[in-house]
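**Student:** The structure that follows is given in the form of structure tokens.
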Amino acid sequence: MTEDILARLFYGQVSPFDDTVEDIESFRELNHELSGIWTEIQKQAPPELMELLVRYKVCRADIEMLTQLDRFKVGFRLGVQLATAATGGAEISK
């Protein structure tokens, strides 16, 4: 089993975005609400403001992706440290 997860990590088959939404129904509801809000913004916003809002939306998505990626790295390192400690190995420092 250990080799399997290590191979999957090595070959990029494990993503920080896999299984991150614990309550799928709540996520779907919020996503639906956001979609409705965005549709209204598109209808009401003048073109200049719309361009700015699209740039804002892209930047927010990029920030969220980088945050998720960083959280994955931190969690992975913690998992390795816990596994190492549980097997009596030396602690891994940053």
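**Student:** Give the ranking of M65, M50 by solvent-accessible surface, highest area first, calculated with a 1.4 Å probe.
**Tutor:** M65, M50
**Student:** From the phi of every residue in region 66-72, what ³J(HN,Hα) in whole Hz does the Karplus formula 6.51 cos²θ - 1.76 cosθ + 1.60 yield, where θ is phi - 60° and glycine or proline is x?
**Tutor:** My calculation for region 66-72 gives 5, 5, 4, 4, 5, 4, 4 Hz in order.
**Student:** Top to bottom by accessible area (1.4 Å), largest first, where do V14, V58 land?
**Tutor:** V58, V14
**Student:** Tell me which residues come under 5 Å, amide H to amide H, from A45 once H is placed; ignore anything under 5 positions away on its chain.
**Tutor:** Placed amide hydrogens put nothing under 5 Å from A45.
**Student:** For the ranges 25-32, 69-76, what's the packing order if you count other beta-carbon atoms within 10 Å of each residue, average per peptide, and put the highest first? Show your work: numbers first, answer last.
**Tutor:** Details: 25-32: 10.6, 69-76: 12.1.
Going from most to least packed, we get 69-76, 25-32.
**Student:** If each residue of separation counts as 0.36 nm, what is the full-extension length gain between R55 and L82 once their alpha-carbon separation is subtracted? Can you show the working numbers first?
**Tutor:** Values: separation 27, 0.36 × 27 = 9.72 nm, distance 4.06 nm.
Between R55 and L82, full extension yields 5.7 nm more.
**Student:** Is region 26-94 best put as rounded, prolate or oblate by its Cα gyration tensor, with a ≥ b ≥ c the root eigenvalues, rounded for a/c under 1.5, and otherwise prolate when a/b is larger than b/c, oblate when not?
**Tutor:** Cα axes put region 26-94 in the oblate bin.
The values are calculated or read from the model by the stated rules, or taken from the named source; none is laboratory data. The shown structure was predicted, so the numbers you read here are calculated from the model rather than taken from an experiment. Virtual Cβ from ideal backbone geometry, glycine too; neighbours counted across all protein chains shown. Note: areas computed on protein heavy atoms with side chains; ligands, DNA, RNA excluded. Shrake-Rupley method; radii C 1.70, N 1.55, O 1.52, S 1.80 Å.
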